[in-house]
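Chemist: Please read through the structure below; I'll follow up with questions.
The values are calculated or read from the model by the stated rules, or taken from the named source; none is laboratory data. For clarity, every value in this text was computed on a predicted model and none was experimentally measured. Note that each Cβ is placed from the backbone with ideal geometry, even for glycine, and that neighbours are counted across all protein chains shown.
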């Protein structure tokens with residue numbers, strides 16, 4: 001493909017690589033080539049021919065035998081560096097390399113030593129051949145497609161809690177530093193597209209944002225996600241760490257849990273169903289009304305509501321509790337029109353059509369039976 005960049009991803013079957021491949025695959029300006037665990041290192045020179053960017057994501061972190069740390073991390077990186085050096089000497093082009101190392105590289109355990117050896121090899125290649133190298137010492141990475149009992153404690157907790165399986169916590173106060181896979185992939189793609197390299201004084205590339213928590217708090221939060229299906233109260237999943245953690249939890253749901261039942265309250269007027277409640281922004285529900293049925297007939301001091309008729313024809317009536325002023329309006333499911341109730345006005349809604357009426361409803365607060373702020377008063 002003329003004008004496209006040639007990309008090589010090692011460890012192409014791994015957790016980070018699968019997320020990266022999905023994002024890169026959304027573009028038409030890239031030729032993506034993969035090196036997986038079943039490929040022989042003898043393929044590297046061929047795969048690196050004319051390459052513009054290398055994502056070196058291959059690695060071993062839970063081998064059956066300790067010697068696999070060296071072969072899967074240091075030795076593979078040595079083979080990659082040798083092939084890159086040959087390609088640079090042959091073509092005169094210097095492809096950039098991103099390496100997903102680990103914070104464990106600062107430790108003197110077999111895994112850390114093998115990762116540190118791989119880092120050193122890449123820095124030597126940068127010094128000898130001018131290959132731009134970005135080494136990320138990543139902490140615990142979590143997100144969709146992360147393997148339980150392998151990649152991350154977050155994945156293990158999500159997998160087990162979603163299935164009502166026990167989890168083991170030795171020290172709930174043990175600290176965790178985490179990065180979300182979508183943030184990792186976003187930074188990698190930024191570098192691919194020519195963003196400035198942000199490096200610490202140590203020479204390692206900077207990954208942000210990073211989240212700090214504890215083992216116990218992460219477990220508690222994931223358990224709250226599970227419980228929200230029964231309480232209907234959602235966690236604050238709109239941003240930051242909780243958003244990322246919730247996305248990860250949902251990605252670990254088994255297919256038989258993609259759907260769940262909620263309570264439906266029926267009476268001669270129709271049905272009423274609460275769908276979702278928020279800690280501080282109210283709740284969502286819907287109700288139906290048979291032809292000729294009127295619902296409501298009450299007022300609120302502070303509570304407000306938004307109604308959206310999505311099927312049928314409705315007449316809303318309002319009466320001011322102080323002045324007696326009245327107001328009526330008609331709406332139906334053919335137009336997207338929100339009707340808002342106003343404190344101090346009693347109100348009702350009547351199905352004036354020939355078919356069942358369905359109405360979506362948002363209230364700005366969760367219904368509290370002890371303090372309902374709902375007072376019966378015919379319009």
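Chemist: If I ask for residues that are under 18 Å from residue 373 (Cα atoms) and part of a strand (DSSP E or B), which ones from the range 287-322 would you list?
Modeler: Answer for the range 287-322, where residues must be under 18 Å from residue 373 (Cα atoms) and part of a strand (DSSP E or B): 295, 296, 297, 298, 299, 305, 306, 307, 318, 319, 320.
Chemist: Could you please let me know if residue 184 is at pLDDT 95 or above, closer than 19 Å to residue 224 by Cα and not assigned by TED's automatic domain parsing to the domain that holds residue 112?
Modeler: It is false that residue 184 is at pLDDT 95 or above, closer than 19 Å to residue 224 by Cα and not assigned by TED's automatic domain parsing to the domain that holds residue 112.
Chemist: Within the range 229-238, track down each residue that is out of contact with any strand residue (DSSP E or B) (no Cβ under 9 Å at 6 or more places or on another chain) and either touching a residue at least 60 places away in the same chain (Cβ under 8 Å) or crowded, with 17+ Cβ neighbours inside 10 Å (or both).
Modeler: Those that are out of contact with any strand residue (DSSP E or B) (no Cβ under 9 Å at 6 or more places or on another chain) and either touching a residue at least 60 places away in the same chain (Cβ under 8 Å) or crowded, with 17+ Cβ neighbours inside 10 Å (or both): 235, 237.
Chemist: Further question: Among the residues of the range 244-286, how many are surrounded by 12 or more Cβ atoms within 10 Å (Cβ to Cβ), not assigned by TED's automatic domain parsing to the domain that holds residue 355 and not in a loop (DSSP other than H, G, I, E, B)?
Modeler: Final tally of qualifying residues: 9.
Chemist: Can you tell me which of (1) surrounded by fewer than 17 Cβ atoms within 10 Å (Cβ to Cβ); (2) touching a helix residue (DSSP H, G or I) at 6+ places or on another chain (Cβ under 7 Å); (3) in a loop (DSSP other than H, G, I, E, B) is the one residue 108 doesn't meet?
Modeler: Just one mismatch for residue 108, condition (2).
Chemist: When you check residue 241 against the structure, is it assigned to a helix (DSSP H, G or I), touching a strand residue (DSSP E or B) at 6+ places or on another chain (Cβ under 8 Å) and at pLDDT 95 or above, yes or no?
Modeler: Answer is yes for this residue.
Chemist: In addition: Right, residue 177: under 21 Å from residue 211 (Cα atoms), free of Cβ contacts under 8 Å to residues at least 40 places away in the same chain and not in a loop (DSSP other than H, G, I, E, B) or not?
Modeler: Answer is no for this residue.
Chemist: Just give me the residues in the range 49-70 being buried (at least 17 other Cβ atoms within 10 Å of the Cβ) and in contact with a strand residue (DSSP E or B) (Cβ under 6 Å, 6 or more places away or on another chain), in sequence order.
Modeler: 51, 53, 54, 55, 56, 57, 58
Chemist: Continuing with this model, one more query. Test residue 219 against the stated conditions and say whether it is touching a residue at least 60 places away in the same chain (Cβ under 8 Å), part of a helix (DSSP H, G or I) and under 16 Å from residue 248 (Cα atoms).
Modeler: Working: touching a residue at least 60 places away in the same chain (Cβ under 8 Å): yes; part of a helix (DSSP H, G or I): yes; under 16 Å from residue 248 (Cα atoms): yes.
Against the criterion (touching a residue at least 60 places away in the same chain (Cβ under 8 Å), part of a helix (DSSP H, G or I) and under 16 Å from residue 248 (Cα atoms)), residue 219 qualifies.
Chemist: So, in the range 288-300, of the ones that are surrounded by fewer than 19 Cβ atoms within 10 Å (Cβ to Cβ) and under 15 Å from residue 311 (Cα atoms), which residue ends up farthest from the chain's Cα centre (by Cα)?
Modeler: Only one residue fits best here, namely 292.
Chemist: Another question about this same structure. Going residue by residue through the range 193-216, is there one that turns out to be within 25 Å of residue 258 (Cβ to Cβ), buried (at least 18 other Cβ atoms within 10 Å of the Cβ) and outside the structural domain of residue 22 (by TED's automatic domain parsing)? Working first, answer last.
Modeler: The initial filter retains those residues of the range 193-216 that are within 25 Å of residue 258 (Cβ to Cβ), namely none.
Checked the range 193-216: no residue is within 25 Å of residue 258 (Cβ to Cβ), buried (at least 18 other Cβ atoms within 10 Å of the Cβ) and outside the structural domain of residue 22 (by TED's automatic domain parsing).
Matching residues to (1) within 23 Å of residue 102 (Cα to Cα); (2) more than 26 Å from the chain's Cα centre (by Cα); (3) in a loop (DSSP other than H, G, I, E, B); (4) not assigned by TED's automatic domain parsing to the domain that holds residue 131:
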position: 32; (1), (2), (3), (4): no, no, no, no
position: 37; (1), (2), (3), (4): yes, yes, yes, no
position: 49; (1), (2), (3), (4): no, yes, yes, no
position: 55; (1), (2), (3), (4): yes, no, no, no
position: 59; (1), (2), (3), (4): yes, no, yes, no
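Chemist: Which one of 172, 166 is outside any strand (DSSP E or B), over 26 Å from residue 19 (Cα atoms) and in contact with a strand residue (DSSP E or B) (Cβ under 7 Å, 6 or more places away or on another chain)?
Modeler: 172
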